[in-house]
Structure formats: structure tokens, C-alpha cells
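Heads up: the structure comes next, in C-alpha cells.
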Amino acid sequence: MNWITKALRFGEKIKKVIKKRASKEEIANSDWTSCCKGPILKKDLEDNLWVCPSCNKHHRLNPRQRFDVLFGKNNYEILKTPIPKDDPLNWNDSKPYVDRLKIARKKTGMDCSMMVVKSTINNINITAIASDFDFMGASIEAAEGEAFLYASQHAIENQHPLLVVTSGGGMRMQASMISLSQMPRTTLAINELKKNNLPYIVLLTDPTAGGITASYAMLGDIHLAEPGALIAFAGARVIQGTVREELPEGFQKSEYVEKTGFVDLIVERKDLKEKIGKLLSILLKKNSSINSLLNETSEDSKKLTKVAS
Ligand SMILES: [Zn+2]
């Protein structure tokens, strides 16, 4: 046996000993995920609303998980939103855009990255939107613009407040100007809500960035945020490279953004349902609720009343 054969056999043995790295799909289908203390059972995380019991990291939620947390398991109706023709620009980069859409749809079971539902919170009827980060980073294109407009229209027709749970990297570059034009379209839809005196509440979750931050995510009557969420326009490294200065600690995290005035209140996931319900009660029956809440001594109620005022 010459040394080459020996080396090859040794290589085979090593391969058997070192376990193959799990694929992304295997990780997604596993019962386990990881956080600060290493592996954690997804079931345990789910029982704690997908918040790590050790470090309080608020893990990302898909729209169904988000609505289960906000409204109760399956206690909402998913509304079918219009889907425009795919890929009118016939875009092709390292992969055709139509193929990317196919993969995203298979992965998430959604037609576009936004889901619109109607439900109730604190006995108040509400229309709500949430995005799925697994659908091309929850980026925005014509279909998402249509979903947003549909939700706004539905809210106006039924005199509902609109809640938007934001996440996503921004506008979807594969659709160029068609994506960018969703920024003024969503802004116009929000203006219509405001003309109708309907509350528009934004809940910023990790991560909210780019054109999403530059449009509908920053136009709320009230901006709530989950703890530790990345809320940004450009990335920190780009900014640091431009201003050539050390950025402050926690830059672009909810807590920092709250200090700079872009977030009204940071709310733990377990408290979202109750606080959004209270805020809506205050906004919809403003005077009577504010008076009764002012009489309450709890710091929490005073804070919520201040936010809604
Ligand atoms: Zn953790």
C-alpha cells in the first residue's frame, strides 16, 4: 500500500468521524434551535412566546406565530389580498427572480411576504398586517404594496384601526422602481386612514430596515417596539464608513431608537396584547378613557395614556 492510498483511506475515516454539517433545511425542520446558552427546544421557546427565558431575546416570528401571540391561537381571519403579475421586468441575476419567488412561496406557504388578517383585541375589531422574514427577507414589492393597500381599505370600510407589525430589509431590488413606488403608495394609504380618524399603530420588530423604515414603519400615530429589535435605515457599517466616527453602543437597537424619539414605547412580547388593547381603547374613546385612566394610580396606565395623548 503506497502512501497515497493510505492518505485516501485515512481521509475516508476522518469523514465518517466528523459528522456532516446540518443543512439549512435540516436546521429549520429540527426540534431544536439555539440561543445564548446553546441549544434550546423550539417547544420550550414557543411556550415562552418565542422569547429566550435566559437572555430575553425576542426571536423572530412568522405572521401566524405573531397573530397567535396577539390575538390567540387561530383567533383571526386571514384576508386574501390581490397578487399582481410576477416579475414584469423579467429580472435575472444569479438566479431568475421567478425562481426566487417560487422558493420563497414553498418555504413560507405564502403568496407574498405580507399577511393581512382581521381580528379583535380587547373587544375592538382590528385589521392587522405582519411580514414573514423567510419570504425574501420580508422585502417589499408590488404584491406587498397591494396587501398594504387592501388592509388600509378594509380598515376604512369597516372603521377598524390598523396595526402593522413591521419587519424586513427594505424594498426588493429585483423589481427596481416597482418596489420603490410602494413607499409613496403605502404613505398615501396611511393618509387615507388618518383622514378617516382611524388609529394607525406600528409595532417595530427585528429587523426593520431600509425603505420600510423610510415609509410606513415611521408614519404611525404610535410606534411600539419589541426589546432589542434592529431598527435602521442604512446599515451601521455603512454609516460608520460615511461619518468616520465610532457609533454609540446599542446604535440602531429599540432602546437607542426610543431615546432618539422614533419609538414611543418598548413593550415585552408577553405584554403586547394587553398594551395594544389599552392604547386602542384610549385612542378610540379618547376623552372618557383618558379621564378614567388618569384616575388610576398605576404607572403603566399613566405611561400608556401619555403615549396616546
Ligand atoms: Zn438566550
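The values are calculated or read from the model by the stated rules, or taken from the named source; none is laboratory data. Nothing here was measured: the structure is a model prediction, and the numbers come from that model. Positions of Cβ are backbone-derived with ideal geometry, glycine not excepted, and every protein chain shown enters the neighbour counts.
Just one residue in the set Ile282, Ile276 is touching a helix residue (DSSP H, G or I) at 6+ places or on another chain (Cβ under 6 Å), crowded, with 18+ Cβ neighbours inside 10 Å, on the phi < 0 side of the Ramachandran plot and modelled with pLDDT of 90 or more; that residue is Ile282.
In the stretch 89-111 there is no residue that is on the phi > 0 side of the Ramachandran plot and in contact (Cβ under 8 Å) with a residue 12 or more places away in the chain. Among the residues making up the stretch 90-116, those that are farther than 19 Å from Asp134 by Cα and surrounded by 12 or more Cβ atoms within 10 Å (Cβ to Cβ) are Trp91, Asn92.
For the criterion of being under 25 Å from Val69 (Cα atoms) and surrounded by fewer than 19 Cβ atoms within 10 Å (Cβ to Cβ), Thr187 fails. Looking across the stretch 47-79, the residues that are among the hydrophobic types (A, V, I, L, M, F, W, C) and near the ligand (Cβ under 10 Å from one of its atoms) come down to Val51, Cys52, Cys55. Within the set Pro84, Pro39, Pro88, the sole residue that is within 16 Å of the ligand (Cβ to nearest atom) and either within 30 Å of Leu280 (Cβ to Cβ) or not in a helix (DSSP H, G or I) (or both) turns out to be Pro39. Inside the stretch 162-180, residues that are among the polar types (S, T, N, Q) and touching a Gly at 6+ places or on another chain (Cβ under 8 Å) make up a count of 1. Exactly one residue out of Gly211, Gly220 is assigned to a helix (DSSP H, G or I), within 16 Å of the chain's Cα centre (by Cα) and surrounded by fewer than 23 Cβ atoms within 10 Å (Cβ to Cβ): that is Gly211. Of the residues Asp93, Asp132, the single one that is out of contact with any Ser or Thr (no Cβ under 6 Å at 6 or more places or on another chain) and away from the ligand (no atom under 16 Å from the Cβ) is Asp93.
Output the residues belonging to the stretch 16-36 that are within 26 Å of Met114 (Cα to Cα), more than 16 Å from the ligand (Cβ to nearest atom) and either touching a Pro at 6+ places or on another chain (Cβ under 7 Å) or not in a loop (DSSP other than H, G, I, E, B) (or both). Within the stretch 16-36, Lys24, Glu25, Glu26, Ile27, Ala28, Asn29 meet the criteria.
Just to be sure I understand the filter: pairs with C-beta atoms under 7 Å, separated by 6 or more residues or on different chains, first member in the stretch 214-229 and on the phi > 0 side of the Ramachandran plot, second member surrounded by fewer than 24 Cβ atoms within 10 Å (Cβ to Cβ). Which pairs pass? Qualifying pairs under 7 Å: Gly228/Lys57; Gly228/His58; Gly228/Asp206; Gly228/Lys253. Among residues of the stretch 227-254 being polar (S, T, N, Q) and surrounded by 15 or more Cβ atoms within 10 Å (Cβ to Cβ), the one that is farthest from Ala214 (Cα to Cα) is Ser254. Please tell me if Ala143 is part of a helix (DSSP H, G or I), crowded, with 19+ Cβ neighbours inside 10 Å and either of a type in the set (A, V, I, L, M, F, W, C) or touching a helix residue (DSSP H, G or I) at 6+ places or on another chain (Cβ under 6 Å) (or both). Here the answer is yes, as Ala143 does meet what is asked. Residue pairs whose Cβ atoms lie under 8 Å apart, separated by 6 or more positions or on different chains, with the first residue in the stretch 48-62 and under 19 Å from Phe135 (Cα atoms) and hydrophobic (A, V, I, L, M, F, W, C) and the second more than 9 Å from the ligand (Cβ to nearest atom) and assigned to a loop (DSSP other than H, G, I, E, B), are Leu61/Trp50. Of the residues making up the stretch 114-140, those that are assigned to a strand (DSSP E or B), in contact with a helix residue (DSSP H, G or I) (Cβ under 8 Å, 6 or more places away or on another chain) and not hydrophobic (A, V, I, L, M, F, W, C) are Lys118, Ser119, Thr120, Thr127, Ser131.
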